[in-house]
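A short reminder: the numbers here are calculations on the coordinates, not readings from a lab. Here the structure is a predicted model, which means the values were calculated and not measured. Please note: Cβ atoms are built from the backbone with ideal geometry, for glycine as well, and neighbour counts cover all protein chains shown.
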Amino acid sequence: FVVLGAATLMDIAGFSMAMGAFLAGVMLAESSYRHELQADIEPFRGILLGLFFMAVGLSFRINVVLDNWLLILLAVPVLMATKSAVVYGLCRVAGSSHSDALSQAFLLSQGGEFGFVLFTTAAASGIFDASTTSLLIAIVTVSMALTPFVCMLPPLLLKNDDQEELDEDFEGAEDAEVFMIGFSRFGQVVAQILLAGGRSVTVIDQSADRIRQASRFGFRIYFGDGTRKDVLEAGGIAKAKIIAVCTNKREITDQIVDMVQVEYPEARVYARSYDRVHTLALRQRGVEYEIRETIESAITFGRKTLEGLGMDEAQATAIADDIRKRDEARLQLQAVEGIAAGRELIYSRPMQPEPLVKPKKDAAE
């Protein structure tokens, strides 16, 4: 209904119905229904892709390529290089690593399929003539055809960052009480505590090297992408009492938390937070428990430093507890008033205790 309604409105406004459907798809892709929509569309995906590429092939004119091969030879690399640079820059600004940003840049370097709709509409409106439209369509089509070969470049450019992949085999995965996603330094410590407490844990991670190293110490880690619903289901997430999201990238954590809360609304989600802003975002998402990855270690480090400077252990512990309470109070204020709230709770200079002055005797005495 949303797609048809948007397409109809765009048609009434004089625009392409395809543009309306595209905009509706973009909005739905960011909604809480995106995972359900993806599952519903999946059976038709192959047919629709086949029809799309058939349409692309029918609109492709070989004679246009032959007549303008020099222009196309120059335009296609410029298009792909420009788009790759823009995508890489946006990914880096959004916090992606160099390797992830580079991979995304090469993957999305081709001209978009919506260009066919725009060029055809422009030709129908008299903005472009038929030859210009055919030339632009040819440039986009050639860039699409080159994309599989361009995607081979990131592994060659990132030889030192290659990540080996293993088979997603969940044979032997038990119905664990805790389903842990991510087995970095944080997750490893958490897993040890849970196992020491006699609790069963299923752990998945996407790093083959990390899984291999963990196996040397007796850990049974399963390889899998924690952002994929089918992987989580294969690992037994539906039967877990607590889902522990211990990934070390904020965007991945957010993606997993959003999906889990949509697909498993009754699940208890515990999450590793990246920083204060991320903590507030996770609380707003409704996770049952979150903790910043450095808060407790920083408090302990500060307490031990005070003790190293000669302070009594009880006094140093009391100060650490006070800092912990102040931090929580700031978070509660920031959740309501914004990130700038609670500044008065921060110690920004050394606190000097008031000197004890012995009271003077009354003059009458």
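Among 26, 117, what is the fewest-to-most ranking by other Cβ atoms within 10 Å? Let's see the in-between values first.
On the way: 26 10, 117 16.
Listed from fewest to most nearby Cβ atoms, that is 26, 117.
Taking 281, 196, 29 in turn, the Gaussian network model of the chain (Cα-Cα springs below 10 Å) assigns the largest fluctuation to 196. Ranking of 98, 278 by neighbouring Cβ atoms within 10 Å, starting from the fewest: 98, 278. Largest mean-square fluctuation among 261, 213, 104, in a Gaussian network model of the chain whose springs join Cα atoms under 10 Å apart, belongs to 213.
Just list whichever of 239/325; 249/325; 239/304 have alpha carbons separated by over 31 Å in the model shown. Please report the intermediate quantities before stating the final value.
Numbers: 239/325 35 Å; 249/325 27 Å; 239/304 41 Å.
Violating the 31 Å Cα-Cα cut-off are 239/325; 239/304.
When +1 charges are put on Lys and Arg Cβ atoms and -1 charges on Asp and Glu Cβ atoms, the dipole computed for the chain relative to its Cα centre reaches about 940 debye.
Relative contact order for the chain: what is it in percent, counting Cα pairs under 8 Å that are at least 6 residues apart? Each step should come with its number before you reach the end.
On the way: 389 pairs, mean separation 35.0, N = 365.
RCO, the chain: 10 percent.
Pick from 211, 47, 295: which is most flexible by mean-square fluctuation in a GNM of the chain where alpha carbon atoms under 10 Å apart are linked? Among 211, 47, 295, the largest mean-square fluctuation in the Gaussian network model of the chain belongs to 47.
Here the spin labels are modelled as points 7 Å beyond Cα on the Cα-Cβ line, and at residue 70 and residue 268 they lie 7.2 nm apart.
Working note: Debye formula, equal point scatterers on the alpha-carbon atoms of the chain, no solvent; log10 I(q)/I(0) at q = 0.11, 0.14 Å⁻¹ is -1.01, -1.33. Three principal axis extents of segment 35-137 based on alpha-carbon atoms, in descending order, are 42, 36, 25 Å. May I ask which residue of 298, 187, 10 lies farthest towards the positive end of the charge dipole of the chain, with charges of +1 (Lys, Arg) and -1 (Asp, Glu) on Cβ and the Cα centre as origin? Of the options given, the answer is 298. Exposure proxy shown here: for 131, 273, the number of other Cβ atoms within 10 Å sets the order, fewest to most, as 131, 273. Segment 69-127 and segment 243-263 have Cα centres separated by 29 Å.
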